[in-house]
1. I'm trying to understand the selection: among the residues of the range 19-43, which are open to solvent by 60 Å² or more (accessible area, probe 1.4 Å) and either in contact (Cβ under 8 Å) with a residue 60 or more places away in the chain or β-branched (Val, Ile, Thr) (or both)?
2. Please verify whether the range 45-57 includes one or more residues that are more than 13 Å from the chain's Cα centre (by Cα) and within 13 Å of residue 88 (Cβ to Cβ).
3. Has the range 18-30 got any residue that is modelled with pLDDT under 95, part of a helix (DSSP H, G or I), hydrophobic (A, V, I, L, M, F, W, C) and closer than 22 Å to residue 3 by Cβ?
4. How many residues does the range 68-109 contain that are touching a residue at least 40 places away in the same chain (Cβ under 8 Å), of a type in the set (Asp, Glu) and part of a helix (DSSP H, G or I)?
5. Among the residues of the range 44-96, what is the count of those that are of a type outside the set (Ser, Thr, Tyr), open to solvent by less than 20 Å² (accessible area, probe 1.4 Å) and within 17 Å of residue 3 (Cβ to Cβ)?
6. Which members of the range 47-67 meet the condition of being assigned to a strand (DSSP E or B) and in contact with a strand residue (DSSP E or B) (Cβ under 6 Å, 6 or more places away or on another chain)?
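The values are calculated or read from the model by the stated rules, or taken from the named source; none is laboratory data. Source: prediction; values computed, not measured. In this analysis, Cβ positions are derived from the backbone assuming ideal geometry, glycine residues included, and neighbour counts consider all displayed protein chains. Ligands, DNA and RNA are excluded from the accessible area calculation, which covers all protein heavy atoms including side chains. Shrake-Rupley method; radii C 1.70, N 1.55, O 1.52, S 1.80 Å.
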Amino acid sequence: MTIAITGRATTERAPRYLKQLCSHLGGKLDVDFDTTGGTVRYEDVTAQLTPTDTTLEIAISGVEQLNFYRAMGIVAGHLEKFGAKDGLLVVWDDAHLAAAYAAKKEEASN
């Protein structure tokens, strides 16, 4: 069964963050990108990144739950770190999956 979630980071500099994130992750993961969007692959999970005028949208889908949560952490964590001075934050559209991700993240940090 496929798991999917979409997140959005509000920013007027979405193309810049798309390029920075994909360039950074491309050193360790399978990444394709251009000015219209990007794809990041981690194990069986795919993250589609789409810049708009007001957001960077992140659509993540995969099968294996642990890989799915790791991909959420990789993409959102790096993006939020890069955009810390701008207060960049990824807001996920599925509260249940977002809560499960937060719990896994907390569990991993302990």
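1. Within the range 19-43, 20, 35, 36 qualify.
2. Within the range 45-57 (the criterion being more than 13 Å from the chain's Cα centre (by Cα) and within 13 Å of residue 88 (Cβ to Cβ)), the answer is yes, since at least one residue qualifies.
3. no
4. 2
5. Result for the range 44-96: 11.
6. Listed by number, the residues that qualify are 47, 48, 49, 50, 55, 56, 57, 58, 59, 60, 61, 62.
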